[in-house]
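To keep things clear, I will list the structure first and then write my remarks on it.
What follows draws every value from the coordinates through simple rules; no lab data is involved. Everything numeric here is computed off the predicted structure, so don't read it as measured data. Positions of Cβ are generated from backbone atoms using ideal geometry, with glycine treated the same way; all protein chains shown enter the neighbour counts.
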Amino acid sequence: MSSRFYSQTFANISPEKRDNVFTAAISAFAEKGYDAANINEIARLAGISIGSMYSYFDSKEDLFLAMVEKGLKLLNRAMLDCHPDEGTIIEVLERVIRVTVRYTEEHPDMCRLYLLISTDNMKSQTERLSEEAEIDFLDMYKRILKSALQRGEIRSDIDIDTAAFFIDNIVIMLQFSLTSRYYQHRMENYLGEEASADREHLVRKTLDFICRGLGIHPES
């Protein structure tokens, strides 16, 4: 494993020690936010000295970005389960939504870090993140849409770039609505508490909304 946000020393320590650092850091940043999270406290929770922490990461910013990068890589690996080149666009999009919900429920703190990095006051940190992870999602959605267009499954006047952008944003907002109390509250205001708590309902309604925008119906 390697990253430009941590040293080779960190890459060489045992997986258990790395996981302890990841767990402590992700929990601290997700719970307290970037500014309030304390690197000394993170080191204590991880069971390492502050000297060791700084031999692994040059700064708190590098530690934070390493956690965000890890989350994006985990999500990318999870998206492999979507098998974007197999089945109809309805089947593929349903898998994308279900994998997203499953990932969000399994890694809620990771999603909270992604929400943090999307705010304006994290601009300098965002600029240091590699665009590779985002490009992976962009390429996946474009590939799904182009294949569906070639098969005649979606409207012929669909702009692939625009459709990919809005589908990605719908999926991201679903993630935020399942992990951020603020966005959960907004979802409950719009959909009601019962519907918001019903994951299957959310999957079906999200799929239906996206498909109708593409000129298809999930049951067709």
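Which FRET efficiency value, to the nearest 0.05, is calculated for Asp198 and Arg77 with the Förster distance at 35 angstrom and r the Cβ-Cβ distance? Result of the calculation: an efficiency of 0.80. Once R0 is set to 22 Å, what does the formula 1/(1 + (r/R0)^6) return for the Cβ-Cβ distance between Asp168 and Thr119, expressed as a FRET efficiency to the nearest 0.05? Between Asp168 and Thr119 the formula returns 0.75. Simple rule: put +1 on each Lys or Arg Cβ and -1 on each Asp or Glu Cβ in segment 1-121, find the dipole, and look at Pro108, Ser118, Gly47; the Cα lying farthest toward the positive end is Gly47. Here the chain is treated with +1 on each Lys and Arg Cβ and -1 on each Asp and Glu Cβ, and its dipole about the Cα centre works out to around 300 debye. Relative to the longest principal axis of the Cα atoms of the chain, the long axis of helix 199-213 lies at roughly 60 degrees. Cross-link check: pairs Lys17/Lys205; Lys70/Lys146; Lys73/Lys146; Lys17/Lys142; Lys32/Lys73 evaluated at a Cα-Cα cut-off of 31 Å; pairs beyond the cut-off: Lys17/Lys205; Lys17/Lys142.
Computed FRET efficiency, Cβ-Cβ of Ile158 and Gln8, R0 45 Å: what is it to the nearest 0.05?
So the FRET efficiency works out to roughly 0.45.
Across segment 67-213, C-alpha contacts under 8 Å between residues 6 or more apart give a mean separation that, scaled by the residue count, equals a relative contact order of 29 percent.
Out of all Cα-Cα pairs in segment 67-213, roughly what percent, to the nearest whole number, are more than 20 Å apart?
49
For segment 31-136, the relative contact order is 28 percent, taking Cα pairs closer than 8 Å that sit 6 or more residues apart in sequence and dividing their mean separation by the residue count. Within the listed set Ser124, Ser177, Ser59, the Gaussian network model of the chain (springs between alpha-carbon atoms below 10 Å) gives the highest mean-square fluctuation for Ser124.
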